[in-house]
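Inspection log for the structure reproduced underneath, given as structure tokens.
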Amino acid sequence: MMLIPTHHFRDIERKPEYLQPEKCVPPPYPGPVGTMWFIRDGCGIACAIVTWFLVLYAEFVVLFVMLIPSRDYVYSIINGIVFNLLAFLALASHCRAMLTDPGAVPKGNATKEFIESLQLKPGQVVYKCPKCCSIKPDRAHHCSVCKRCIRKMDHHCPWVNNCVGENNQKYFVLFTMYIALISLHALIMVGFHFLHCFEEDWTKCSSFSPPTTVILLILLCFEGLLFLIFTSVMFGTQVHSICTDETGIERLQRKNQPREHTGSWQSVKETFGGDFSLNWFNPFSRPCQPEIPSDKDLVRQVTSLSDTETTEDPSEETKEEDCVEVIDE
């Protein structure tokens, strides 16, 4: 017997053309870990380019307006090394967050044959996403930009042109942290440079003219302050999500159904890749790779069919139209 969780979606199973089963092919063999991932979204690509441009602009002002013209070589060398190291780590984290598969669910496994092979028992259900024709494991959500269901999807970030999911959340956290640090570092150097220039001759403070120098520093100050606030908030939000083992989507939904949470420290170790070490801050080290969900992980248990008929899928807040296949008792 086929049932739908809410009356609004009750006709989905009766209209097989909505799922387009002829386009549902068996899922491809999982690619190797680290396979290139890139979303062809115009807005996301533009935001990623803007991000790199702003970091490179800060690099230009810090080096050619403040550090290189300075007569204090020790000050210039130390701050130059620290700023360039943080900028490199920020851009590396950005690339890893953008080019890493966030945890996409294999497409095309919502076929009748595959569901029958699961041999569902009374009280067991599987959620099918009609948009990407896949069976969704628990805590997976569909992204309309990536056009895939993503495991433990937190949100889609246009600045990294990718979803933030279980496989790339570490890189996104590092990206926000390093951007916040270089923004703070740039603001401190701008403050010292202004104080120095007020005491000395402005013509000796930079190789540029005084008006040009002031404009470049003000723009850098505005950029640094804006990104310091934005990335600090995002960093705090992501750390809170990791410690509470609750994604941004799950936090917005606040479902009444209790869900088992892992310990906060265990969730942190899974996200950053094991016990605390310097690799936590290394964008080139991978987080703990989760096991590929087995067929049993695709099946969810309900207490009764009546509960199923009144239970909405956790993805409804993202305006998905998921359908449920239920075995009548």
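Worth pointing out:
- Potential lengthening between residue 202 and residue 279 on full extension [0.36 nm per residue; Cα-Cα distance subtracted]: 23.4 nm
- Think of segment 127-187 as having a plus end and a minus end, set by charges on the Cβ of Lys, Arg, Asp and Glu; of 129, 178, 145, 129 sits farthest toward the positive end of this dipole.
- The phi torsions of segment 275-283, fed into the Karplus equation with coefficients 6.51, -1.76 and 1.60 and a -60° offset, translate into couplings of 5, 4, 6, 5, 5, 4, 9, 9, x Hz, rounded to whole numbers, with Gly and Pro shown as x.
- Taking amide H atoms as placed 1.01 Å from N in the peptide plane, the amide H of residue 246 has no partner under 5 Å among residues 5 or more positions away or on other chains.
- Solvent-accessible area of segment 101-179 (1.4 angstrom probe, protein heavy atoms only): carbon and sulfur portion equals 50 percent.
- Distant-in-sequence amide H partners of residue 167 (H built 1.01 Å from N, under 5 Å): 103
- Exposure of residue 112 as accessible area (Å², to 10), given a probe of 1.4 Å and all protein chains: 140 Å²
- Our analysis of segment 38-178 gives Rg over Rh at 1.22, with the two radii drawn from alpha carbon positions and Rh computed by the Kirkwood formula.
- Protein-only accessible surface order, largest first, of 177, 189 at 1.4 Å: 177, 189
- Here the Karplus curve 6.51 cos²θ - 1.76 cosθ + 1.60, taken at θ = phi - 60°, turns the phi angles of segment 44-60 into couplings of x, 5, 5, 5, 5, 5, 4, 4, 5, 4, 5, 5, 5, 5, 4, 4, 5 Hz, with x standing for Gly and Pro.
- Summary value for segment 78-170: 32 percent relative contact order, contacts being C-alpha pairs under 8 angstrom separated by 6+ residues.
- Area of residue 207 that stays accessible when all protein chains are in place (1.4 Å probe, Å², to 10): 100 Å²
- The eigenvalues of the Cα gyration tensor, multiplied by 5 and square-rooted, give segment 36-121 an equivalent ellipsoid with semi-axes of 49, 14, 6 Å from largest to smallest.
- Restraint check, 170/269; 136/170; 128/269; 112/152; 107/147; 107/152, Cα-Cα greater than 21 Å: 136/170; 128/269; 112/152
- Solvent exposure of residue 240, expressed as accessible area, is near 100 Å², computed with a probe of 1.4 Å over the protein chains only.
The values are calculated or read from the model by the stated rules, or taken from the named source; none is laboratory data. None of the values given here were measured: they were computed from a predicted structure. Here the Cβ is made from the backbone with ideal geometry for all residues, glycine too, and neighbour counts use every protein chain on show. Side chains included, ligands, DNA and RNA excluded: accessible areas come from the protein's heavy atoms. Shrake-Rupley method; radii C 1.70, N 1.55, O 1.52, S 1.80 Å.
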